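The values are calculated or read from the model by the stated rules, or taken from the named source; none is laboratory data. The structure displayed is predicted, hence computed values, not measured ones. Methodologically, a virtual Cβ is constructed for each residue, glycine included, from the backbone with ideal geometry; neighbour enumeration extends over all protein chains shown.
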Amino acid sequence: MVFLSIVVPCYNEEESVNLFVDEIERTLPDLDYEIIYINDGSSDNTLLNIKKIAESNPKVKYISFSRNFGKESAMYAGLKSARGDYICVMDVDLQHPPSLLPEMIGAVTVENYDVAAARRVSRAGEPKIKSFFSHLFYKMFNAVSNMQLVEGATDYRVMRRMVVDSILELSEYNRFSKGIFEWVGFDTKWIAYENIERTVGETTWSFWGLIHYSIEGIVAFTTTPLSISIVLGSVFSTASFLYMIFVILKYILYSDPIQGYTTLITSILFLGGLQLVSIGILSKYLEKTYLETKNRPVFIVKETNVDDKK
Ligand code: UDP
Ligand code: MG
């Protein structure tokens, strides 16, 4: 008998939490499952609604954080308390279509895959600028990292216990799940789906939020940017050394008077800029190392109805 744990992060989703439970019950009437709602410090009635559902539905569990810790922390908390042999992670806003669940569950239970993951193949209904930057992010990440992210990969996935145990072993504070899922490996079946727009509630992702998230991802999973300054530094010092010889020879042979204010000021500004960027890259890694060494918990639970079994 398959027992599935469905881990669902929620942040200000008072309307979605009810719809989600109904939709799952409709899609999987015969399956034995639990829904673990993680209330990520919502400021609306999300927790109240979840508690109401949990009172009448024993399949619904919840973990409520002391404040907003972010979706990554919420997923981690959910995975930690999931009891199932198979574990699913999905969004509560129904943008991760529950209709894919039977196929995903089939992939891990019958087809012998370790993971079934959903991949969004169309971005219809999404702002063009978001799609553009998202595409750019995948290109950049895959160019600088030796780990390859699948474009359009989402956090919507069904995994075997073994995979989740491996994910939990990565207990880092800076959690970039897309990278973590890829990093642990295992056989993955990709299931394509078309983008679905939100019906209720609002997305919490802002443009700057996405840029920040992308930088976090790159810093968390590759150290290539740290080498960029070495390469640039070598190129520029070689070039300037050659230029120096040229200038000296020109002076000796033609006794050219000193000139070139424009060259001077542009090269000073350009190199100054490059140095600041390099220091910036370095600081980003230092910041992450600093936060990691503090060893702070990834989340803090305020209340829950999950019995601590670990
Ligand atoms: N979410 C969360 N904590 C946050 C932000 C979002 O748990 O700080 C949840 C949110 O409730 C939803 C999922 O993460 O279930 C995806 O968020 P959203 O729909 O806002 O992102 P999008 O689908 O637009 O990428
Ligand atoms: Mg969404």
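The table that follows gives values for the structure above.
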{"read-out": "So L242, is it surrounded by 11 or more Cβ atoms within 10 Å (Cβ to Cβ) and part of a helix (DSSP H, G or I)", "value": "no"}
{"read-out": "Positions within region 80-98 being of a type outside the set (D, E, K, R), farther than 11 Å from I6 by Cβ and more than 16 Å from ligand 2 (Cβ to nearest atom), in sequence order", "value": "S81"}
{"read-out": "Residue in region 121-137 that is under 15 Å from Y156 (Cα atoms) and either part of a loop (DSSP other than H, G, I, E, B) or at pLDDT 90 or above (or both) present", "value": "yes"}
{"read-out": "Per-region count, region 67-88, residues more than 10 Å from I38 (Cβ to Cβ), buried (at least 19 other Cβ atoms within 10 Å of the Cβ) and either in contact with a Gly (Cβ under 7 Å, 6 or more places away or on another chain) or hydroxyl-bearing (S, T, Y) (or both)", "value": "1"}
{"read-out": "Among residues of region 287-306, those that are aromatic (F, W, Y) and without any contact (Cβ under 8 Å) to a residue 60 or more places away in the chain, counted", "value": "1"}
{"read-out": "Meets criteria (in contact with a helix residue (DSSP H, G or I) (Cβ under 8 Å, 6 or more places away or on another chain) and touching a residue at least 40 places away in the same chain (Cβ under 8 Å)) for V121", "value": "no"}
{"read-out": "Which listed residue, of E14, E23, is touching a Pro at 6+ places or on another chain (Cβ under 6 Å) and either farther than 24 Å from A117 by Cα or within 16 Å of ligand 2 (Cβ to nearest atom) (or both)", "value": "E23"}
{"read-out": "When residues of region 189-205 are limited to those that are over 18 Å from the mean Cα position of the chain (by Cα) and more than 16 Å from ligand 2 (Cβ to nearest atom), the one surrounded by the most Cβ atoms within 10 Å (Cβ to Cβ)", "value": "K189"}
{"read-out": "Some residue of region 138-150 being over 18 Å from T223 (Cα atoms) and either within 16 Å of ligand 2 (Cβ to nearest atom) or not acidic (D, E) (or both)", "value": "yes"}
{"read-out": "Inter-residue pairs, beta-carbon under 9 Å, first touching a residue at least 60 places away in the same chain (Cβ under 8 Å) and in region 197-215, second surrounded by 11 or more Cβ atoms within 10 Å (Cβ to Cβ) and of a type in the set (V, I, T), 6+ apart", "value": "G201/V92"}
{"read-out": "Check on W208, more than 27 Å from Y285 (Cβ to Cβ), surrounded by fewer than 17 Cβ atoms within 10 Å (Cβ to Cβ) and of a type in the set (F, W, Y)", "value": "no"}
{"read-out": "Single residue of V158, V115, V108 found to be over 27 Å from T203 (Cβ atoms), in contact (Cβ under 8 Å) with a residue 12 or more places away in the chain, surrounded by 16 or more Cβ atoms within 10 Å (Cβ to Cβ) and touching a strand residue (DSSP E or B) at 6+ places or on another chain (Cβ under 8 Å)", "value": "V108"}
